[in-house]
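The values are calculated or read from the model by the stated rules, or taken from the named source; none is laboratory data. Keep in mind that this is a model prediction, so the values were computed, not measured. For neighbour counting, all protein chains shown are included, and Cβ atoms are generated from backbone atoms with ideal geometry for every residue, glycine included. Remember, those area values only see protein heavy atoms, side chains included, never the ligands or the DNA or RNA. Shrake-Rupley method; radii C 1.70, N 1.55, O 1.52, S 1.80 Å.
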Amino acid sequence: MDSQTIQILVAMIVYMAAVIVIGLVYAKKANQSSENYFLGGRSLGPWVTAMSAEASDMSGWLLMGLPGVAYWCGLSDAFWTALGLAVGTYFNWLIVSKRLRRYSVVAKNSITLPEFFSNRFREKNKVVMTLAALFILIFFTVYAASCFVTCGKLFSTLFGAPYVVMMIVGAVFVLLYTILGGFLAESASDFMQAIVMIVALVVIVVIGIGKAGGMAAVVENAGEIPGFLEFFGIANPSLNEAGEQIVEAGKPLFGASSEYGLLRICSMLAWGLGYFGMPQVLLRFMAIRKESELTRSRRIAMVWVVISLAVAVFIGIIGRVVEPTVHLTATDAENIFITLATGFLPAMLAGFVMAGILAATISSSDSYLLIAASAFAKNIYQGVAKKNASDKQVMLVTRITLLAIALIAIIIALDEDSIIFNIVSFAWAGFGATFGPLIIFSLFWKRLNRAGAIAGMVGGAGMVFLWKLVISGLGGAFAIYELLPAFIFSCICIVVVSLVTPAPSKAIEADFEAAKVCVEKD
């Protein structure tokens, strides 16, 4: 291990130590009760709410997946995806946040998303709760796997160690941290990690522009690639039989650009629909100490999101200009952020920038693991299997569940050729279609009943799998991102089934009306 690598490692260890200290600080309070562990006692301030929500959402996908897409095929895919996410973020904070914060209190002070759905319909046999918890377990396990892939790629690229070993090391660190501190530690560290992430992105962009010879040089050189800087076209790397981009005379080869039509634009914009069903974001809405502070949180979140997404896309563009032949496969292209950081920065500073990737990964994976574990321990174990379970028993089951989920996610992440963007896109579609329509209708449609809720969840989740595994293979218009048709199908299921089955009880309607009125006083 050379001097540069040692300095990078030292910087990352310093960062990881800071994260562990945060966990220790909050561990005592977190373990006082399951409410503190899972929701922080509804004590988050506006800055922590905003920054932790976005950091936990973006994950290593922001620093590796999105730049990788831009590096590999140009602006269009990355731009339209980022635009959809920015718009979805805004409307989620604007429309959902305040009503969900209020309704979760009205619905028997619900502290998890499955519990909110169950209490929303005053169900006794907990079918809605169980289904919601199971879907969270399934999709968050896939999500956690994407984070472990990020860890493996990061550490193996930096230190030249085997991918699988480095992936497992990263997974163990995340698991231990999540077990230690719970929601408060997770949110506090996510706040710090959101700052690290955006600083890392901006630093690399500024230095990268300088290395490329200025903004004009970046635009000119990237513009020479057919379709690379087009909004309605896409670049096509020329590949050999091994699936690697062909390089001649020191330049990567590209074929003619392809048309980027309206259908594909809608497919990428559909990423924004996913926000309405993201448990890690929705929980922050529920956990803020005052509903009135959500307006400030929305503004903070939007500034962070717009800057981060824009800079992440531009890093991929800059990378193609300054390091055109370093990454010759779509999978390897996701390492462009690491390449630029280690190539352009002093070793110690590069280490802290690398901590940005680790920050993004930790901030997401701890959220995914914690929410998935709470779905089983709080909603299935205590909510259905053993209703008289004590807080101590719930906490024990939570930690056992965390271990089981992490092991399954590690197995999924064993494939070194996994593309982070693709793994995230499937899990994102799963949550968006399963819970997004249900959240919107739960908050804003009084006629929604329990049968409609069940139909919406099952229909949305089922359509994600069906479209991804079967229908999309037909090509053409059917190749659209599975979230869009699944989201629409879930909405149809909710409306149709709710209208053909009995209306909700007067008590449920009274809860709905109570949640419409803000009684909070500063």
Rounded, prolate or oblate: which fits region 361-442, taking a ≥ b ≥ c as square roots of the Cα gyration tensor eigenvalues, rounded meaning a/c under 1.5, else prolate when a/b beats b/c?
oblate
Take Val172 and Lys251, extend 7 Å from each Cα along the Cα→Cβ direction, and tell me the distance between the two endpoints in nm.
4.9 nm
Mean Cα-pair separation over length for region 421-501, i.e. relative contact order, pairs under 8 Å, 6 or more apart, %
42 percent
At 1.4 Å probe size, with the rest of the protein present, what percent of the exposed accessible area of the chain is carbon and sulfur atoms?
68 percent
So Ala477 and Glu224, fully extended at 0.36 nm per residue minus their Cα-Cα distance, gain in nm 88.1 nm
Can you find, among Thr325, Ile6, Pro279, the residue farthest towards the positive end of the dipole of the chain? Put +1 on the C-beta of Lys and Arg, -1 on that of Asp and Glu.
Pro279
Using only the heavy atoms of the protein chains and a 1.4 Å probe, how would Glu323, Glu259 rank by accessible area, largest first?
Glu259, Glu323
Helix by helix through the chain, keep the DSSP H runs that span 27 Å or more along the axis on Cα and average at least -0.5 on Kyte-Doolittle, and give those back in order.
3-30, 127-159, 163-212, 294-322, 347-374, 391-412, 420-444, 450-469
With a cap of 16 neighbouring Cβ atoms within 10 Å, and only residues DSSP puts in a loop, list the chymotrypsin sites (Phe, Trp or Tyr not before Pro) found in region 188-297.
Phe231, Phe232
Exposed loop sites here are trypsin sites (Lys or Arg not before Pro) in DSSP loop states with at most 11 other C-beta atoms within 10 Å. What is the longest stretch of the chain lacking them?
125-386
Three-way shape call for region 382-424 based on the alpha-carbon gyration tensor, with the a/c threshold at 1.5
prolate
So how far apart, in nm, are the two label points at Val306 and Phe159 if each is 7 Å from Cα heading toward Cβ?
4.0 nm
Starting from the Cα-Cα distance between Val127 and Arg299, subtract it from 0.36 nm times their residue separation and give me the gain in nm to one decimal.
58.2 nm
If all Cα-Cα distances of the chain are sorted into 10 Å bins from 0 onward, what percent lands in each bin, rounded to whole numbers?
4, 19, 30, 26, 14, 5, 1, 0
When the helix-only estimate is applied to the chain (DSSP H runs of n ≥ 4, each -39,500 (n - 2.57), divided by the residue count), what is the mean residue ellipticity at 222 nm, nearest 500 deg cm²/dmol?
-23500 deg cm²/dmol
Expected output is a single nm value to one decimal: the length gained when fully extending between Leu407 and Val384, i.e. 0.36 nm times separation in residues minus the C-alpha distance. What is it?
5.8 nm
Remind me, relative contact order of the chain in percent, using alpha carbon pairs under 8 angstrom and six or more residues apart?
30 percent
Once both labels are modelled 7 Å past Cα along the beta-carbon direction, what's the Val458-Glu513 spacing in nm?
3.2 nm
